[in-house]
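The values are calculated or read from the model by the stated rules, or taken from the named source; none is laboratory data. A quick note: this is a predicted structure, and the numbers were derived from the prediction, not measured. No Cβ is skipped: glycine too gets one built from the backbone with ideal geometry, and neighbour counts run over all protein chains shown.
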There are 2 protein chains.
Amino acid sequence: MSLDEVAGRTSRPTMKDVAALSGVSIKTVSRVVNEEAGVSPDVVERVRAAASKLDYRRDLSASSLRRGDGKSQSIGLLLEDVSNPFSSALHRAVEDVARQHGVVVFAGSVDEDPEREHGLVSALVARRTDGLVIVPTAPDQSYLARERRNGTPVVFVDRPPVQLDADHVVTDNVTGAFEGTAHLVAHGHRRIAFLGDLSTISTAQERYTGYVEALGAAGVPLAVELVRRDLRTDEQARAAVAELLALPEPPTAVFASQNLVTVGALRALRAAGLHRGVALVGFDSLPLQDLLDPGITIVEQDVRRLGATAAELLFRRIAGDDSPAQRIVIPAELTARGSGEIPGPYAR
Amino acid sequence: MSLDEVAGRTSRPTMKDVAALSGVSIKTVSRVVNEEAGVSPDVVERVRAAASKLDYRRDLSASSLRRGDGKSQSIGLLLEDVSNPFSSALHRAVEDVARQHGVVVFAGSVDEDPEREHGLVSALVARRTDGLVIVPTAPDQSYLARERRNGTPVVFVDRPPVQLDADHVVTDNVTGAFEGTAHLVAHGHRRIAFLGDLSTISTAQERYTGYVEALGAAGVPLAVELVRRDLRTDEQARAAVAELLALPEPPTAVFASQNLVTVGALRALRAAGLHRGVALVGFDSLPLQDLLDPGITIVEQDVRRLGATAAELLFRRIAGDDSPAQRIVIPAELTARGSGEIPGPYAR
DNA sequence: CTGAAAGCGCTTACAG
DNA sequence: CTGAAAGCGCTTACAG
């Protein structure tokens, strides 16, 4: 007795079974299933009836194994965490493009863990996905050169790859952070705190650069005691802001360069009763941001465009495009909602 | 010139290539790749070197085609929309269980469209996923009986299947809605509006039942003019609440039975300046709900538990468990945060 | 400890 | 219009 029988299941019917039931060769079944022309109508009819009776389902993997192209009609997507709002919005954008190509999407969470990035990549390559869209985490993506050489195209999104010349689609983080910071300066602030995510992440570095450049352009000296980087959780961000507020000369404004960090900053400002006293600009959208009081001024990324652009690039590569690697930069845009317009001591 | 050459790619190396380079048979390569015992150490060494030199990657689909079990080490997950917070939290919970089994997850958005449900199911069956976790949308899941019979187990989550006796893991919606409504009654309300999602969705029906029963238990007559169902978007919910507030006898409290609906209700109450005057209890968590002022009292679903339980059930089925279909009910729990405790006219 | 033959479900490349 | 043979990349079931 086989395991299948123990489980009360029969195995899936194959073309052979359909062929036997309809009295034709499996090649003819293949023709009907693939809707090839040149099969007599009554045979088509008979094969269809048999397939339907047996609930036959073509095995796409077996099909693609023999086919020349060997396409699995699937792609892989490596995200920070499928459940965070940024990642899941990216996921949806990629899914929508993939669907147009009749391709399904494997998604996985890397959790900023290089080993998980490696593990997921090999799991997906082993399943012969036609390509990968990756938000890179590992310190170095050179290991992917092998996979690309062997036929799996890779496009990076949100962060550029390191040690690998490959397509990537990223937000203009420097300019976005520059504008967010300049917005605070324009509203009369000079003591502007910077809150940053893990500084090994390229986007965190770039946003810090934008902040530094905006201060420089405005002639505001950089106050190191107001810079808090490597905040990995909203709780760490909250604690950092609580400390900043206790300084002898506390900041009058905060630039929070990532969404969880913004949440933490908000909690600290609320707890201190300063959410109407200290200005706040965030980077990355927050859900329900418009319902908060005051509304949160945010430098918004165009996540749908990031994801859709990356997916479209990938499908061009899958189709055979081997032009040089592209870097596509998507602008970020500041939306004022109240928290960023709280006036500072130098407001006119 | 083949397409691959045009694209500047070579095809992936196979066991045959590794065998040729290391001077052994492909069977021996297979042994080494699968870490079977009984291969002499120097041969293992040579094969490993050749595989590494060629960047050989085993083809799991070809392997599973020949293997007895035929497992693809992948499962499919059908969600409402991968980018909504409820769906993506469910996704993460399923992913975490799948990872423990060395299985990757295909995820797709159904968008409450029965045709997309059917399309995604056949796409996933064609790729021979080992099982499916589904949030059902189609009016009827009887079509899945064929797939189960042919060896693809299916577990439903969040909503029960219709016309199919199959495993499902759902929230106790009736009790949750009963408690949410009773909470408002206990705070002195009798004119309590009900806001519901599409009433074809089972969870929406159940939550309505809980509301009706709670009113009945408290001896509060059901006021039909306060019941607004089939709200599909936050905007429709906002408009519905705006209308309710304009009634000659407006509600003093609102029970919003789904998260987007709660968002719409919140917007309407804010716009009318009544967010501190009209009580509000929502069902389904909202991001940042604790940062709103007042905080939103919510009947919370245990989304991680829903997803993890469904995935674990699925893996048991994949392993061969053919015991009768199970229905697992996960309790929901009310968390008071302020909006639900605004006193009504009958408060003691 | 190693390998030649057959076969998983399908399509290609022929032949008729 | 239809089908027999070979083969995709791998593993099973043998044999030595």
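Annotations
- Subset tally (residues that are surrounded by fewer than 24 Cβ atoms within 10 Å (Cβ to Cβ) and either basic (Lys, Arg) or touching a residue at least 24 places away in the same chain (Cβ under 8 Å) (or both)) for the range A:241-250: 5
- Which listed residue, of B:ALA20, B:ALA50, B:ALA37, is surrounded by 18 or more Cβ atoms within 10 Å (Cβ to Cβ), within 16 Å of DNA strand D (Cβ to nearest atom) and not assigned by TED's automatic domain parsing to the domain that holds B:SER109: B:ALA50
- Neighbours by Cβ (under 7 Å, 6+ apart or cross-chain): first from the range B:106-126, farther than 25 Å from B:ASP96 by Cα; second of a type in the set (Ser, Thr, Tyr) and not in a loop (DSSP other than H, G, I, E, B): none
- Some residue of the range A:95-102 being assigned to a helix (DSSP H, G or I), within 11 Å of chain B (Cβ to nearest Cβ), out of contact with any Ser or Thr (no Cβ under 8 Å at 6 or more places or on another chain) and farther than 30 Å from B:PRO287 by Cβ: no
- Residue in the range B:258-266 that is under 30 Å from B:GLN326 (Cβ atoms), polar (S, T, N, Q) and within 14 Å of another protein chain (Cβ to nearest Cβ) present: yes
- Within the range B:64-89, restricting attention to residues that are more than 10 Å from chain A (Cβ to nearest Cβ) and of a type outside the set (A, V, I, L, M, F, W, C), the residue that is farthest from DNA strand C (Cβ to nearest atom) is B:GLU80.
- Check on B:PHE156, outside the structural domain of B:ARG127 (by TED's automatic domain parsing), buried (at least 21 other Cβ atoms within 10 Å of the Cβ), touching a helix residue (DSSP H, G or I) at 6+ places or on another chain (Cβ under 8 Å) and of a type in the set (Phe, Trp, Tyr): no
- Flag if B:GLU249 is part of a helix (DSSP H, G or I), under 21 Å from B:VAL227 (Cα atoms) and of a type in the set (D, E, K, R): no
- Test: residue in the range A:9-17 that is among the small types (Gly, Ala, Ser), closer than 17 Å to B:ARG128 by Cβ, near DNA strand C (Cβ under 8 Å from one of its atoms) and part of a loop (DSSP other than H, G, I, E, B): yes
- Of all residues making up the range A:103-143, the number that are in a helix (DSSP H, G or I) and more than 12 Å from chain B (Cβ to nearest Cβ): 4
- Flag for A:PRO331 being surrounded by fewer than 23 Cβ atoms within 10 Å (Cβ to Cβ), within 13 Å of chain B (Cβ to nearest Cβ) and either in contact (Cβ under 8 Å) with a residue 40 or more places away in the chain or closer than 30 Å to A:GLN73 by Cβ (or both): no
- When A:PHE86 is tested against (1) part of a helix (DSSP H, G or I); (2) within 16 Å of DNA strand D (Cβ to nearest atom), just one condition goes unmet, and that condition is (2).
- Counted residues, the range B:53-80 - those being more than 9 Å from DNA strand D (Cβ to nearest atom), under 22 Å from A:ASP130 (Cα atoms) and part of a loop (DSSP other than H, G, I, E, B): 5
- Scanning the range A:20-44 for residues that are within 9 Å of DNA strand C (Cβ to nearest atom), part of a helix (DSSP H, G or I) and away from every other protein chain (no Cβ under 14 Å) turns up A:ILE26, A:LYS27, A:VAL29, A:SER30, A:ARG31.
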